[in-house]
Amino acid sequence: MNTGGLTLTEMLVTTALLALLGGVAVTNLPRINRPPDTATLGARVQTTLEAAHITALAERSAVTLSGDGETLRVTGPGGQDSDVFRGAALSGAVSITPDGQSAGFVKVSGGEQPCVRLSLNAGGFGVASACAGSAGSVLTPASVSSGSDARGGSR
């Protein structure tokens with residue numbers, strides 16, 4: 001009968017579990033402390049706009065997106081949801097009808113992202129124009145994050 005504390009096996013199991021938990025915590029530290037990737041803000045917001053367009057068509061319901069600070073609020077058939085884009089400055093709104101037509105724009109800026117106005121064309125693809133009001137172009141994720149438009153020019 002052992003009445004004087006923990007056995008060697010119990011101590012080894014406890015130490016192994018603590019080491020495992022410590023290893024998991026340390027590997028997540030770089031992700032926790034990493035600043036937001038502001039160079040891809042436009043591409044990430046564009047993806048959200050395009051997903052909302054698909055939702056409006058699939059659910060045959062109106063969807064509205066509105067930007068406020070770092071938050072993009074999406075209101076649709078399932079209620080309201082919010083996406084937070086750390087490091088962003090978002091403003092404006094886009095309304096998408098059940099038949100896929102859209103109106104409005106969301107202005108995106110922050111960090112390395114030049115100020116861009118994002119809207120949707122008739123096909124549901126993102127269209128960008130400089131905040132000063134220059135002509136828009138159909139976006140690819142690379143063109144939004146690199147700061148050039150689909151024709152190779154720079155915004």
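So here's what we get for this one:
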item: Shape category assigned to region 44-110 from the gyration tensor of Cα positions, a/c cut at 1.5; result: prolate
item: Which of 81, 99 has the fewest Cβ neighbours within 10 Å, and the rest in rising order; result: 99, 81
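Values in this text are rule-based calculations from the coordinates and carry no lab data. What you see is a predicted model; the values in this text were computed from it and never measured. Positions of Cβ are backbone-derived with ideal geometry, glycine not excepted, and every protein chain shown enters the neighbour counts.
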